[in-house]
Amino acid sequence: MLAHIQRVKEAKVVVNGETVSEIKAGLLVLLGVLVGDEPHDADYLVDKIVNLRVFSNGDKEFDLSVKDIGGEILIVSQFTLAADCRKGRRPSFSDAMNPVEAEKLYEYAADALKVHVPVKTGVFRAHMDVSLVNDGPVTILLDSRKG
């Protein structure tokens with residue numbers, strides 16, 4: 001399971017011209033579910049995400065977690081994180097889990113995050129316009145297979 005995390009001042013998801021989710025200070029998490037991922041992969045990423053010290057305490061730039069600052073998380077499914085671009089010019093998405101199973105793990109991860117902080121979600125399998133104000137910029141990649 002892959003997570004592309006961005007520290008944001010704000011972020012939102014728009015579907016068909018309508019804002020469906022938005023947050024203020026916190027993390028935008030783009031989540032890619034891969035073939036072979038299981039709930040323990042989501043558990044690993046959830047623990048990392050909510051405890052990752054990427055916010056400033058005023059003195060140290062990377063000292064506080066999203067929990068510590070009372071921030072929010074916007075989690076958006078992003079199957080394109082599974083893209084394999086090693087051959088040819090068109091990405092292959094054969095490493096992405098099938099949508100039915102991927103949605104279950106995406107929802108599992110979102111629910112697990114909600115235990116710790118306020119969470120908003122994108123719309124699974126929808127074409128979304130995602131906008132954000134990246135704070136820093138700070139962007140971190142997590143991979144449950146390397147944990």
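Observations
- Just one residue in the set ILE49, ILE69 is surrounded by 20 or more Cβ atoms within 10 Å (Cβ to Cβ) and among the aliphatic types (A, V, I, L, M); that residue is ILE49.
- Listed by first and then second residue, the pairs linking a residue in region 45-60 that is under 11 Å from ARG7 (Cβ atoms) to a residue that is open to solvent by less than 40 Å² (accessible area, probe 1.4 Å) and among the basic types (Lys, Arg), with Cβ atoms under 9 Å apart and 6 or more places separating them unless they lie on different chains, are VAL54/ARG7; PHE55/ARG7.
- Pairs with Cβ under 8 Å, 6+ apart, first in region 114-126 and farther than 16 Å from ASN51 by Cβ, second open to solvent by 70 Å² or more (accessible area, probe 1.4 Å) and at pLDDT 95 or above: LYS120/GLU22; PHE124/GLU103; PHE124/GLU107; ARG125/GLU103
- When GLU22, GLU38 are screened for being within 19 Å of VAL123 (Cβ to Cβ) and open to solvent by 60 Å² or more (accessible area, probe 1.4 Å), only GLU22 passes.
Here is a yes/no grid of residues against (1) among the hydrophobic types (A, V, I, L, M, F, W, C); (2) in contact with a strand residue (DSSP E or B) (Cβ under 8 Å, 6 or more places away or on another chain); (3) in a loop (DSSP other than H, G, I, E, B); (4) more than 21 Å from ARG145 (Cα to Cα):
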{"position": "ARG7", "(1), (2), (3), (4)": "no, yes, no, yes"}
{"position": "THR19", "(1), (2), (3), (4)": "no, yes, no, yes"}
{"position": "GLY36", "(1), (2), (3), (4)": "no, no, yes, no"}
{"position": "ASP43", "(1), (2), (3), (4)": "no, no, no, no"}
{"position": "ASP68", "(1), (2), (3), (4)": "no, yes, yes, yes"}
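- In region 25-35, the residue that is surrounded by the fewest Cβ atoms within 10 Å (Cβ to Cβ) out of those that are hydrophobic (A, V, I, L, M, F, W, C), over 12 Å from VAL130 (Cβ atoms) and touching a helix residue (DSSP H, G or I) at 6+ places or on another chain (Cβ under 9 Å) is VAL35.
- Meets criteria (touching a Lys or Arg at 6+ places or on another chain (Cβ under 8 Å), open to solvent by less than 40 Å² (accessible area, probe 1.4 Å) and in a loop (DSSP other than H, G, I, E, B)) for VAL117: yes
- Residue pairs meeting the criteria (Cβ under 9 Å; at least 6 apart or on separate chains; first without any contact (Cβ under 8 Å) to a residue 60 or more places away in the chain and farther than 19 Å from HIS4 by Cβ, in region 82-109; second polar (S, T, N, Q) and open to solvent by 70 Å² or more (accessible area, probe 1.4 Å)): none
- When residues in region 6-19 are screened for being of a type in the set (Val, Ile, Thr) and buried (at least 23 other Cβ atoms within 10 Å of the Cβ), 2 of them pass.
The values are calculated or read from the model by the stated rules, or taken from the named source; none is laboratory data. The model shown is predicted, which means the values in this text are computed figures rather than measured ones. Positions of Cβ are generated from backbone atoms using ideal geometry, with glycine treated the same way; all protein chains shown enter the neighbour counts. These accessible areas exclude ligands, DNA and RNA; they are computed on the full protein's heavy atoms, side chains included. Shrake-Rupley method; radii C 1.70, N 1.55, O 1.52, S 1.80 Å.
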